[in-house]
Amino acid sequence: MNILRIQDLKVNAREKEILKGINLSLKEKDIQVIMGANGSGKSTLAEILMGSFEYKIIDGDIYFFEENINNMKPYLRARKGMFLAFQNPVEVPGVNFGTFLYTAYKSIYKENIEIFEFILRLKKESKRLGIDDTFLSRNLNEGLSGGEKKRMEILQIAILKPKFAILDEIDSGLDVDGIKFITESINTLNKEGITFLIITHQKKMLDKINISKVHIMNDGKIVKSGGRILIEKIESLGYKKIIKNL
Ligand code: ADP
Ligand code: MG
């Protein structure tokens, strides 16, 4: 069964056409990768999937579990099991991470779990993933380094257990240990049933991940799809040459 199916999707930002006909489908437990030069529309795709109001669907369809979600509100997409880790997670001073996640969890699962029980679960999960639990009492992303923010995004996935997670350049600004942490977490969470769409530039990020498919995006379109070999090609040739030789 397809978790996500995108058909001939065209998307505008203000009056400008950004996505120019995207076709993509992911099956349960897939890990698919989107690569592509800066400005090719990767983040726009990630955000329109989550229902961002900044963009407008001009044509085409997005199906999540074979239900058309073109007009579905972002919180309902989250409730149906979609999660987006932003390229630049926002800092929210005054909002405690644990409280934020507790509220999100209750909104998604409509479950009246006690805060104490939730915090215990949060601590257990951070321990399992090797995240220092002093972060749990901090404010949402406030004053965290790039790498720490990305770790907290992974913790959110581990707790909220979406069916489908989109990671938009989750590896940007990460050191070697950070990348190792992210790739190991993706593998663990994927084994537990989470489907991933990963947007990245780094081969290193993908070396230890069991990838189903790689797509190259250029100027609002997916111009090439294939297996892991495409990553090697990008590394050796660069996007420009690959696109010229299509
Ligand atoms: P990528 O993530 O692949 O680097 P983006 O999706 O961020 O690319 O951007 C694709 C193109 O769309 C860029 O030319 C960018 O300037 C433009 N764009 C993105 N968001 C907006 C917006 N809200 N308003 C106008 N232009 C936008
Ligand atoms: Mg981007």
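The values are calculated or read from the model by the stated rules, or taken from the named source; none is laboratory data. Keep in mind that this is a model prediction, so the values were computed, not measured. In this analysis, Cβ positions are derived from the backbone assuming ideal geometry, glycine residues included, and neighbour counts consider all displayed protein chains.
I'd like the residue in segment 58-68 that is among the hydrophobic types (A, V, I, L, M, F, W, C) and within 30 Å of residue 202 (Cβ to Cβ) and, out of all such residues, is farthest from ligand 2 (Cβ to nearest atom). Spell out the reasoning first.
Restricting attention to segment 58-68, the residues satisfying the condition of being among the hydrophobic types (A, V, I, L, M, F, W, C) are 58, 62, 64-65.
Next, only the ones that are within 30 Å of residue 202 (Cβ to Cβ) stay: 62, 64.
Values: 62: 19, 64: 21 Å.
The qualifying residue farthest from ligand 2 (Cβ to nearest atom) is 64.
For beta carbons closer than 7 Å, sequence separation of 6+ or different chains, a first residue in segment 158-176 that is under 19 Å from residue 77 (Cβ atoms) and a second that is of a type in the set (S, T, N, Q), the qualifying pairs are 163/195; 164/195; 168/43; 168/87.
Among the residues of this structure, residue 88 does not count as one that is at negative phi, surrounded by fewer than 16 Cβ atoms within 10 Å (Cβ to Cβ) and away from ligand 2 (no atom under 16 Å from the Cβ).
Pick out the one residue from 55, 75 that is in contact with a helix residue (DSSP H, G or I) (Cβ under 8 Å, 6 or more places away or on another chain) and either modelled with pLDDT under 95 or loosely packed, with under 15 Cβ neighbours inside 10 Å (or both). Please lay out each step first, then the result.
Working: 55 fails: either modelled with pLDDT under 95 or loosely packed, with under 15 Cβ neighbours inside 10 Å (or both).
After ruling out the rest, the residue left standing is 75.
Applying the set (1) away from ligand 1 (no atom under 16 Å from the Cβ); (2) exposed (fewer than 15 other Cβ atoms within 10 Å of the Cβ); (3) at pLDDT 90 or above to residue 132 leaves exactly one unmet item: (3).
Of the residues making up segment 38-51, those that are within 13 Å of ligand 2 (Cβ to nearest atom) and part of a loop (DSSP other than H, G, I, E, B) are 38, 39, 40, 41. Scanning segment 27-48 for residues that are touching a residue at least 60 places away in the same chain (Cβ under 8 Å), of a type in the set (A, V, I, L, M), within 13 Å of ligand 1 (Cβ to nearest atom) and crowded, with 22+ Cβ neighbours inside 10 Å turns up 34, 35, 45.
Listed by first and then second residue, the pairs linking a residue in segment 68-97 that is under 14 Å from residue 160 (Cα atoms) to a residue that is of a type in the set (S, T, N, Q) and within 16 Å of ligand 1 (Cβ to nearest atom), with Cβ atoms under 9 Å apart and 6 or more places separating them unless they lie on different chains, are 84/52.
A residue that is farther than 30 Å from residue 241 by Cβ, outside any strand (DSSP E or B) and more than 14 Å from ligand 1 (Cβ to nearest atom) occurs nowhere in segment 52-63. Out of curiosity, is residue 182 in a loop (DSSP other than H, G, I, E, B) and either crowded, with 19+ Cβ neighbours inside 10 Å or not polar (S, T, N, Q) (or both)? For residue 182, the condition - in a loop (DSSP other than H, G, I, E, B) and either crowded, with 19+ Cβ neighbours inside 10 Å or not polar (S, T, N, Q) (or both) - is not met. Annotation: residue 146 fulfils all but one of (1) over 22 Å from residue 125 (Cα atoms); (2) surrounded by fewer than 19 Cβ atoms within 10 Å (Cβ to Cβ); (3) within 16 Å of ligand 2 (Cβ to nearest atom); the unmet one is (1).
All of (1) more than 11 Å from ligand 1 (Cβ to nearest atom); (2) in contact with a strand residue (DSSP E or B) (Cβ under 9 Å, 6 or more places away or on another chain); (3) not hydroxyl-bearing (Ser, Thr, Tyr) hold for residue 67 with one exception: (2). Filtering segment 196-239 to residues that are of a type in the set (Val, Ile, Thr) and either surrounded by fewer than 16 Cβ atoms within 10 Å (Cβ to Cβ) or not in a helix (DSSP H, G or I) (or both) leaves 198, 199, 200, 209, 211, 214, 216, 222, 223, 229.
Within segment 151-209, the residues that satisfy the criterion of being at pLDDT 95 or above and within 16 Å of ligand 1 (Cβ to nearest atom) are 166, 167, 197, 198, 199.
Pairs linking a residue in segment 104-126 that is in contact (Cβ under 8 Å) with a residue 12 or more places away in the chain to a residue that is exposed (fewer than 13 other Cβ atoms within 10 Å of the Cβ) and aromatic (Phe, Trp, Tyr), with Cβ atoms under 7 Å and 6 or more positions apart or on different chains, are 107/75. Among the residues of segment 24-37, those that are within 16 Å of ligand 2 (Cβ to nearest atom) and touching a helix residue (DSSP H, G or I) at 6+ places or on another chain (Cβ under 7 Å) comprise 34, 35, 36, 37.
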